[in-house]
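Okay, so here's the structure we're looking at.
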Amino acid sequence: MGSAKSTQLEILRLLREKEGSFVSGAALAETVGISRPGVWKHVNRLKQKGYEVQSRSGLGYMLVAIPDSLAPGEILPDLATEWLGHSYHYLSTVGSTNDYALLLAAEGAPHGTLVVAEQQTKGRGRLDRQWISAPNRGIYLSLLLKTPLPIRVAAQSAYIGALALVKTLRETFELAASIKWPNDVLIHGRKVAGILTETQSDQDFSRFSVVGIGINVNHSIQEMDGPFRYPATSIAMETGFAVRRQKVLLDFLARFEREYERFLENGLGPLLPEIEGYSEMMGKTIRVVCGNREITGVAHSISNEGALLLLHADGSRESVWAGDIVRIEGGI
Ligand code: BTN
């Protein structure tokens, strides 16, 4: 017999298989190898976690509704990836999923490990900014990637996160999502997600990267009215209804794995037409803050190495590796 946790997952899996029909307590008890009172206890724990299960004497148990939780029992059975997210660390609350993933990396966690939390108390954004992480509303996740890559190439995995998320929002939810260089995802000019990539390296090659992504999913207008640096939005605000976070997460993971494999095979180059096509700044005059310098120019393209190429009024070109776009002509 497995641990109490795996027994409960197995009972949930069996109930999900027959969602909407009764499964007898005896059958569950026999399949998982515990007593019928044992099954009853596990079902009660599932109810405490938000699963709606009807019990009827003589018939058994029927799963009627599942909570919008990112718990492993809700994600792993539908996970359509080869290697991403199979090592799944789910936390109801954590300081920062990136910090947690960095600790797991130090302990030797495998490539593709995923940390996901319902809430963060110290969510971090770029440049030491805070990432407000309302409980059970958003998706706060970190992916551990261990393919050794030249340092500049490893940093490009943020683009893969942005591309995968934009495709998820466009294709699954029909939302006009776009990429704001270097690593924000916007809908109608408002920020819906941010990406924070942290890499540890040995000399010229990465040992691992942690790609942390915060997605505003079911936040209400009031919740998005907080102390945000940029105008913010959520998927629900854009679609007009609450969406299942499980679907967002599952679709995103499948796409991330696909795009990351394309990236490992041929580098960033073949992905650039799509990334540039989804970038709302291309061809527009933008102002970028890089440390204590402000650069204004027309966004021309992204180089194969991941730099943003700006054209100046005098015809000269400049590559920008990091910074914050503070204004796009006609936009934010
Ligand atoms: C940004 O827009 O500045 C990046 C925000 C990244 C937030 C995510 S939420 C999950 C992961 N854990 C963190 O502490 N930060 C990232």
Legend entry - Sulfur and carbon atoms: percent of accessible area, region 4-65 [1.4 Å]: 51 percent
Legend entry - Carbon + sulfur, % of accessible area of region 227-332 - ligands and nucleic acids excluded, 1.4 Å: 50 percent
Inset, instruction - Select from S92, W321, V53 the residue farthest towards the positive end of the dipole of the chain; place +1 on Cβ of Lys and Arg, -1 on Cβ of Asp and Glu, and compute about the Cα centre. - result: V53
Legend entry - Residues in region 240-283 reached by a label modelled at D204 [backbone nitrogen below 17 Å; 7 Å Cα→Cβ]: none
Legend entry - Nearest 10 degrees, 0 to 90: helix 4-17 Cα axis against the chain principal axis: 90 degrees
Inset, instruction - Have a look at N44, M237, G112 and report the one farthest towards the positive end of the charge dipole of the chain, computed about the Cα centre with Cβ charges (Lys/Arg +1, Asp/Glu -1). - result: N44
Inset, instruction - Please express the shape of region 285-328 as an equivalent ellipsoid: the semi-axes are the square roots of 5 times the eigenvalues of the C-alpha gyration tensor, given largest first in whole angstrom. - result: 14, 13, 9
Legend entry - Whole-percent carbon and sulfur share, accessible surface of region 167-221, 1.4 Å: 43 percent
Legend entry - DSSP beta bridge pairing in the chain, given as percent antiparallel to the nearest 5: 90 percent
Inset, instruction - Can you bin region 189-332 into rounded, prolate or oblate? Criterion: square roots of the alpha carbon gyration tensor eigenvalues sorted a ≥ b ≥ c, rounded for a/c under 1.5, prolate for a/b above b/c, oblate for the rest. - result: oblate
Inset, instruction - Mind scanning K122/K167; K47/K191; K18/K47; K5/K247 and naming the pairs with a C-alpha gap bigger than 25 Å? - result: K122/K167; K47/K191
Legend entry - region 250-289 - Rg over Rh from alpha carbon coordinates, Kirkwood radius: 1.11
Legend entry - Listed residues V153, N266, T197: farthest to the positive end of the dipole of the chain (Cβ charges): T197
Inset, instruction - Report the FRET efficiency, 1/(1 + (r/R0)^6), for R327 and E82, where r is their Cβ-Cβ distance and R0 is 41 Å, rounded to 0.05. - result: 0.50
Legend entry - Inter-label distance, nm, simple model (7 Å from Cα along the C-beta direction), I221/R56: 4.3 nm
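Shape of region 72-277 from its Cα gyration tensor (a ≥ b ≥ c, root eigenvalues): rounded if a/c is under 1.5, otherwise prolate when a/b > b/c, or oblate? Present the calculation step by step, with values, prior to reporting the outcome.
Details: a/c = 1.43, a/b = 1.26, b/c = 1.14.
Taking the square roots of the gyration eigenvalues as a ≥ b ≥ c, region 72-277 is rounded.
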Legend entry - Cα long-axis angle, helix 36-48 against the chain (0 to 90 degrees, to the nearest 10): 40 degrees
Inset, instruction - Using only the Cα atoms of region 4-65, build the gyration tensor, take square roots of its eigenvalues as a ≥ b ≥ c, and label the shape rounded, prolate or oblate: rounded if a/c is under 1.5, else prolate if a/b is larger than b/c, else oblate. - result: rounded
Inset, instruction - Take the Cα coordinates of region 250-332, assign each an equal point scatterer, and use the Debye formula without solvent to give log10 I(q)/I(0) at q = 0.12, 0.17, 0.21 Å⁻¹. - result: -0.42, -0.75, -0.99
Inset, instruction - Send over a whole-number figure in Å² for the accessible area per residue of the chain, probe 1.4 Å. - result: 46 Å²
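The values are calculated or read from the model by the stated rules, or taken from the named source; none is laboratory data. What you are looking at is a predicted structure, and each value in this text was computed from that prediction instead of being measured. Heads up, the Cβs are rebuilt from the backbone with ideal geometry, glycines too, and the neighbour counts pull from every protein chain shown. Remember, those area values only see protein heavy atoms, side chains included, never the ligands or the DNA or RNA. Shrake-Rupley method; radii C 1.70, N 1.55, O 1.52, S 1.80 Å.
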